[in-house]
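Chemist: The structure under discussion is supplied below as structure tokens; questions concerning it will follow.
The values are calculated or read from the model by the stated rules, or taken from the named source; none is laboratory data. None of these values were measured; they are calculated from a predicted model. Positions of Cβ are generated from backbone atoms using ideal geometry, with glycine treated the same way; all protein chains shown enter the neighbour counts. These accessible areas exclude ligands, DNA and RNA; they are computed on the full protein's heavy atoms, side chains included. Shrake-Rupley method; radii C 1.70, N 1.55, O 1.52, S 1.80 Å.
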Amino acid sequence: MHTPPGHPHVFTLFLVVFLDLVGFGMIIPVFPFYAERIGVSPSSVIFFLGLYSAGQLVGAPLWGSLSDRIGRRPVLLFTLLANAASTWMLAYADTGVTLALSRVLAGLAAGNISTAYAYTTDITTDATRPKALGLLGSAFGMGFILGPALGGLLAGTDGENGSSLVQVAHAAAVLSLVAFVLTFLRLPESLPPEKRRQANTKRTSMKVFFSRPVLRGLLVATIVVVAAVSLLQSTLALFSAERLAVGPRTLGWIYGFTGVISVAVQVGGIGKLTARFGARQLAMVGIVLTAIGMAGVPFAHGMGFLLATLSVFAVGSALFNPSMSGLVAASADPHERGGVLGAYQGAASLGRVIGPVVGSGVASVVGLSGPFAVGAAVCLVGTLLLSQKRR
């Protein structure tokens with residue numbers, strides 16, 4: 001049985017994604033301390049963060065395309081279980097190898113975001129889609145509000161306390177299981193059999209998607225901007241710890257603060273702003289604000305200035321993400337929407353792989369301030385890509 005279009009299912013999906021993202025967010029402020037505790041050097045932490053995105057790069061197109069053929073619901077259920085398993089693996093990781101495996105598996109499971117977006121496009125119309133995608137995007141922001149704050153609270157101020165770090169991983173796994181139960185009980189299938197890709201139809205490859213001029217421009221812009229953004233995300237914890245001498249708890253509050261800003265924009269205004277200015281124009285403004293916010297971080301020598309520049313960054317990200325996903329969704333037919341959104345999430349994941357690798361290299365040469373300046377410059381390339389009008 002498939003669900004008719006309706007907002008109750010959008011809200012349920014929001015709760016599912018929110019719970020899953022809270023679990024993911026809880027790991028962010030403790031992961032650098034966890035990795036160093038088992039012998040990973042600080043300069044290699046950024047690389048391990050990139051492994052998560054490498055897994056997502058594979059998982060997003062895979063799950064999106066599979067959901068076009070077998071439906072969204074079974075893919076969501078399986079990946080939520082896999083996410084819980086990866087977090088438990090993290091809890092018991094005692095070597096660099098097991099830590100790496102847990103991050104790759106977590107990334108593979110997190111590729112289900114493409115399926116969540118496809119579910120949303122299944123049950124919305126062109127008129128209601130921007131607001132629904134904004135609500136789903138706000139689940140990310142709210143996950144970064146509560147997740148890092150809760151993770152930092154459970155971990156405490158002592159980064160060497162192994163039992164507290166393990167406690168965070170267990171709590172994150174439980175939240176993924178709660179999301180699984182909620183999906184099982186409250187989310188019916190959204191893609192009816194007659195709209196699915198047939199089993200004997202070959203899966204559309206990423207190469208085919210990149211051959212479409214409009215979609216290629218959107219995907220390349222996504223890779224560039226997300227790679228730049230990931231330079232900040234992968235370096236901020238180390239930069240803040242070095243420059244401001246903060247621990248896991250304070251880092252959690254910093255990430256939570258940016259999440260509040262993001263949610264306020266995505267829930268309170270993204271639908272109206274899209275209707276007034278258009279998704280493409282809004283995405284370009286988001287890129288510029290993101291670049292400004294990133295460029296300001298190296299000048300932060302106190303918490304007040306850091307929060308101010310991260311506020312600009314958060315507003316930019318909140319405008320960019322739902323606008324881009326809406327543009328990508330509009331370029332696809334229903335039977336391929338999961339695959340196209342999977343390609344979009346795959347492009348974003350590729351950016352998250354490239355970003356930490358570049359960030360690690362830049363940081364090792366010029367210090368932890370370097371990735372923010374490089375990221376801001378690279379980010380602006382996205383505006384050039386989006387400004388090119390394609391038929």
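Chemist: Tell me which residues, restricted to the range 264-306, are open to solvent by less than 20 Å² (accessible area, probe 1.4 Å), within 15 Å of PRO130 (Cα to Cα) and β-branched (Val, Ile, Thr).
Modeler: The one that is open to solvent by less than 20 Å² (accessible area, probe 1.4 Å), within 15 Å of PRO130 (Cα to Cα) and β-branched (Val, Ile, Thr): ILE270.
Chemist: Where in the range 69-128 are the helices (runs of 4 or more DSSP H), entirely inside, with at least 2 residues that are open to solvent by 30 Å² or more (accessible area, probe 1.4 Å)? Spell out the reasoning first.
Modeler: Numbers: elements: 72-91, 96-110, 113-122.
It comes to 72-91, 96-110.
Chemist: Which of the residues spanning the range 53-78 are under 27 Å from SER240 (Cβ atoms) and in contact with a Pro (Cβ under 9 Å, 6 or more places away or on another chain)?
Modeler: Hit for the range 53-78 is SER53, nothing else.
Chemist: Condition test on LEU90, is it closer than 27 Å to ILE354 by Cα and in contact with a Pro (Cβ under 6 Å, 6 or more places away or on another chain)?
Modeler: Values: closer than 27 Å to ILE354 by Cα: yes; in contact with a Pro (Cβ under 6 Å, 6 or more places away or on another chain): no.
Judged against the criteria, LEU90 is not a match.
Chemist: Residue under question is THR290, and the condition is that it be hydroxyl-bearing (Ser, Thr, Tyr), in contact with a Pro (Cβ under 6 Å, 6 or more places away or on another chain) and under 18 Å from LEU327 (Cβ atoms); does it hold? So that I can check it myself, show each step before the final result.
Modeler: Details: hydroxyl-bearing (Ser, Thr, Tyr): yes; in contact with a Pro (Cβ under 6 Å, 6 or more places away or on another chain): no; under 18 Å from LEU327 (Cβ atoms): yes.
Spelling it out, it is not the case that THR290 is hydroxyl-bearing (Ser, Thr, Tyr), in contact with a Pro (Cβ under 6 Å, 6 or more places away or on another chain) and under 18 Å from LEU327 (Cβ atoms).
Chemist: How many residues are in contact with a Gly (Cβ under 7 Å, 6 or more places away or on another chain), in a loop (DSSP other than H, G, I, E, B) and either of a type in the set (Gly, Ala, Ser) or buried (at least 24 other Cβ atoms within 10 Å of the Cβ) (or both) when one looks only at the range 25-63?
Modeler: Counting residues in the range 25-63 that are in contact with a Gly (Cβ under 7 Å, 6 or more places away or on another chain), in a loop (DSSP other than H, G, I, E, B) and either of a type in the set (Gly, Ala, Ser) or buried (at least 24 other Cβ atoms within 10 Å of the Cβ) (or both) gives 3.
Chemist: More than 28 Å from PRO192 (Cα to Cα) and open to solvent by 20 Å² or more (accessible area, probe 1.4 Å): which single residue out of SER369, SER349 fits that description? Show your work before the answer.
Modeler: Numbers: SER349 fails: open to solvent by 20 Å² or more (accessible area, probe 1.4 Å).
One residue alone meets the criteria, SER369.
Chemist: Identify the residue in the range 138-180 that is β-branched (Val, Ile, Thr) and at pLDDT 85 or above and, among all such residues, is nearest to ALA241 (Cα to Cα). Before the answer, list the steps.
Modeler: Taking the range 138-180 and keeping what is β-branched (Val, Ile, Thr), we get 145, 157, 166, 168, 174, 178.
With at pLDDT 85 or above added as a condition, the list becomes 168, 174, 178.
Working: VAL168: 20, VAL174: 29, VAL178: 33 Å.
Ranking the candidates gives VAL168 first.
Chemist: List pairs: first residue in the range 309-321 and in a helix (DSSP H, G or I), second residue polar (S, T, N, Q) anywhere in the structure, Cβ distance under 6 angstrom, at least six positions apart or on different chains.
Modeler: As it stands, the answer is LEU310/THR258; PHE313/THR290; ALA314/THR258; ALA314/SER262; GLY316/THR290; SER317/THR290; ALA318/SER262; ALA318/GLN266, since those pairs meet every condition given.
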